[in-house]
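A quick write-up on the structure given underneath.
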Amino acid sequence: MSFSNPSFGAPLTRVVSFEQARHLVEQHAAGVRPGEVETLDLLAALGRVLAEGIVADRDFPPFARATRDGYAVRAADLAEVPARLEVVGEVKAGDWPEPGVCSVGRGQAVGIMTGAPLPEGADAVVMVEHTSLTDQLATQSVEVRRSVSLGENFVPRGAEARAGQVLVDRGRRLDHAGIAIAASAGKSCVQVFRKPRVAVLSTGNEVVEIGAMPGPAQIRNSNAYSLAAQVQNAGGEAVRLAIAPDERGRLRALIEEGLDCDLLLLTGGVSMGKYDLVEQVLGELKAEFYFTGAEIQPGKPIVFGSCGADTLVRADGGFTASTRTGVSAPQEKYFFGLPGNPVSTMVTFELFARPMIEALAGMTPQRLIFLRARLKSEIRTKTGLKRFLPAVLSGEFENAEVELARWQGSGDIAVLARANCYVVIPPDRERIEAGEWVSLLMR
Ligand code: AMP
Ligand code: MG
C-alpha cells in the first residue's frame, strides 16, 4: 500500500509500527535488481556479494582423511583389547597410499598422520595416545589399548560436499570463511555484483561542510560521514552530495541529482518544522510514500518511498536517472528520509536503509535478529514507541550484561563513543528490572 499527494504538497501521514515499517522495506527490497557483474581477485572480493555460486571442484574431502595421528586399523581387529597389530607401513600428510602397496589387512595397522589419506582396507583410526610401538627384530608391532568404532577418526571422501555441489550460494557476502571456501575450491577470481551507488544528501541551513569553520549557530555535517561509513559497511558505495539548504529549488535539484544513484538517503528536514521541506519536495516529484513515520524512538519521522520511472523522465525525453542494467527504461528509485539527529540517523539507517542497500548489492535477504543480554540496571521509560537506546554491553564470556548509556537525547553524538549497542525496548514496557533479559541491536 502506498499513497502520494496529487496536490504537490506534503504527503498524507502514514505512521506504522516498527515491525510494519521493517516488513515494508523488506517487501520492496525483495523486488530490486542488483547491478552488473564484475570479476575480482579473491581477496579483493572480501565484503562483496557473490554473483556466482562457489562450486566444489572435487569431493570434500577429496580422500578419506585421517583426523588424528595414530594407526589406520580394521575396527574388528580391536574388538578385544589390548591387541597387538603388525605395522606394515606409514602414511604422512601428502603421501598417497597406493592400494596393494600400502593397505591394511587383517591383524595389520599402518601409521597415519592427521590429514593423510586412509589406506585401503582400514575402516578406523586409533589415536597414537592409546598405543605403544614395539620393535621385534625385523617386524614392528603396535599394542593397542582401546577399541575403536567403525569410521572413527577419519572423514569419508565426499562427506563434507560432493564434487559439483554449491558450497557458497550466489547472493552471499564474502567474509573470511567464504574466502577460505572459494580458495579451497581453487577460485582465485570470483564474480561479484557491482556495488550500488548510494547518494547521501544532508539538508539544513545550519549544516556546514566539515572543513569549514562553523558560525555560532552552525553545526558540521557529521551525518554525511556516518552515513557514508554505514553505506560502505552495508556493501554500497556512498556518493556524498552538496548540502541542501532548507529551500525548495536547491533541495529539489539535489534530490534529482541523488535519484541518479541506485538509492537516495536524505537526512534532516523530515520532522514537523516549518522548514522541513523534504517530503513536500518529494511530493512535487510525484514520489510514492510507503510510510512517513514509524513508532520508534529515536527516528520517528523516518520516511520511505520511491520515485517511479515516469518521474525520472526529463522534459527532453532523456532520463534523469542513470539505468543500472543497461536496459532502456529506468527503474524506480527508492529513497529514505532519515531524521537529522545523529543518533536517529544512525539507528534508522541500520533498521531500514541497510536491507535495501544489501538487496541492491545482490544479497539474499537477511532477517533482522536481536541478540539478548541481561540488564545491569533498571530502565524506566514511557510506553508507546519501540525504543533503541544507546547502551554499553560489557561483562565477559557467558556473562554479557548491558546498561543504558547516559545521554541527552538523539542529538547527542558524543554518547556514541561510550555506547557499543542499542537496547531494544518494546512499546508496552514502562519499567524493566535489573537482571531481566533484553534485546540488543548491535552496532
Ligand atoms: P531535522 O531533522 O532537520 O529537524 O534536524 C534535527 C537535528 O539534527 C537538528 O538539531 C539538526 O541541526 C541536526 N542535523 C541535521 N542534519 C545534520 C547533519 N547533516 N549532521 C549533523 N546534525 C544534523
Ligand atoms: Mg533541518
*Any chance you could count how many residues in the stretch 188-198 are in a loop (DSSP other than H, G, I, E, B), within 22 Å of the chain's Cα centre (by Cα) and closer than 30 Å to residue 60 by Cβ?*
0
*From the list 423, 392, which residue is touching a strand residue (DSSP E or B) at 6+ places or on another chain (Cβ under 8 Å), open to solvent by 30 Å² or more (accessible area, probe 1.4 Å) and not in a loop (DSSP other than H, G, I, E, B)?*
392
_Which numbered condition in (1) within 30 Å of residue 33 (Cα to Cα); (2) open to solvent by less than 40 Å² (accessible area, probe 1.4 Å) is the only one that residue 142 fails?_
(1)
*Residue check, residue 232 against (1) in a helix (DSSP H, G or I); (2) within 15 Å of ligand 2 (Cβ to nearest atom), all met but one. Which one?*
(2)
*asked:* Looking at residue 39 and the list (1) at pLDDT below 95; (2) open to solvent by 80 Å² or more (accessible area, probe 1.4 Å), which single condition is not satisfied?
replied: (1)
*Does at least one position in the stretch 139-162 carry a residue that is within 16 Å of ligand 2 (Cβ to nearest atom) and modelled with pLDDT of 95 or more?*
no
_Total residues in the stretch 340-383, condition within 16 Å of ligand 1 (Cβ to nearest atom) and either open to solvent by less than 10 Å² (accessible area, probe 1.4 Å) or at positive phi (or both)_ = 8
*What residue, of 236, 269, is touching a residue at least 40 places away in the same chain (Cβ under 8 Å), under 19 Å from residue 332 (Cβ atoms) and in contact with a helix residue (DSSP H, G or I) (Cβ under 6 Å, 6 or more places away or on another chain)?*
236
_So, residue 99, is that one open to solvent by 80 Å² or more (accessible area, probe 1.4 Å), more than 27 Å from residue 261 (Cα to Cα) and not aliphatic (A, V, I, L, M) or not?_
no
_Cβ-Cβ distance below 8 Å, separation of 6 or more or different chains: which pairs start in the stretch 37-48 with a residue that is closer than 13 Å to residue 171 by Cα and end on one that is among the aromatic types (Phe, Trp, Tyr)?_
37/193; 48/193
*Residue among 59, 77, 135 that alone is surrounded by fewer than 20 Cβ atoms within 10 Å (Cβ to Cβ) and at pLDDT 95 or above*: 59
*Of the conditions (1) surrounded by 22 or more Cβ atoms within 10 Å (Cβ to Cβ); (2) more than 13 Å from ligand 1 (Cβ to nearest atom); (3) within 16 Å of residue 350 (Cβ to Cβ), residue 232 fails just one. Which one is it?*
(1)
*Looking at residue 226, is it open to solvent by less than 70 Å² (accessible area, probe 1.4 Å) and either at pLDDT below 95 or more than 15 Å from ligand 2 (Cβ to nearest atom) (or both)?*
yes
*Just name the residue that is nearest to ligand 2 (Cβ to nearest atom) out of those in the stretch 186-223 that are within 30 Å of residue 42 (Cβ to Cβ) and surrounded by fewer than 16 Cβ atoms within 10 Å (Cβ to Cβ).*
189
*Report yes if some residue within the stretch 213-228 is touching a residue at least 60 places away in the same chain (Cβ under 8 Å), away from ligand 1 (no atom under 13 Å from the Cβ) and out of contact with any Ser or Thr (no Cβ under 6 Å at 6 or more places or on another chain); otherwise report no.*
no
*Identify, from the list 333, 386, the residue that is modelled with pLDDT of 95 or more, open to solvent by less than 10 Å² (accessible area, probe 1.4 Å) and among the basic types (Lys, Arg).*
333
*Residue match in the stretch 199-222 (condition: out of contact with any strand residue (DSSP E or B) (no Cβ under 8 Å at 6 or more places or on another chain), within 26 Å of residue 443 (Cβ to Cβ) and not in a loop (DSSP other than H, G, I, E, B))*: yes
*When residues of the stretch 145-179 are filtered for being over 21 Å from residue 72 (Cβ atoms) and either in a helix (DSSP H, G or I) or open to solvent by less than 40 Å² (accessible area, probe 1.4 Å) (or both), how many remain?*
8
*asked:* Going residue by residue through the stretch 273-290, is there one that turns out to be among the hydrophobic types (A, V, I, L, M, F, W, C), in a strand (DSSP E or B), open to solvent by less than 40 Å² (accessible area, probe 1.4 Å) and touching a residue at least 60 places away in the same chain (Cβ under 8 Å)?
replied: yes
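The values are calculated or read from the model by the stated rules, or taken from the named source; none is laboratory data. Just so it is clear, the structure is predicted and the values come from calculations on it, not from any experiment. Here the Cβ is made from the backbone with ideal geometry for all residues, glycine too, and neighbour counts use every protein chain on show. For the accessible areas, the whole protein counts, side chains as well, though only heavy atoms, and no ligand, DNA or RNA atoms are used. Shrake-Rupley method; radii C 1.70, N 1.55, O 1.52, S 1.80 Å.
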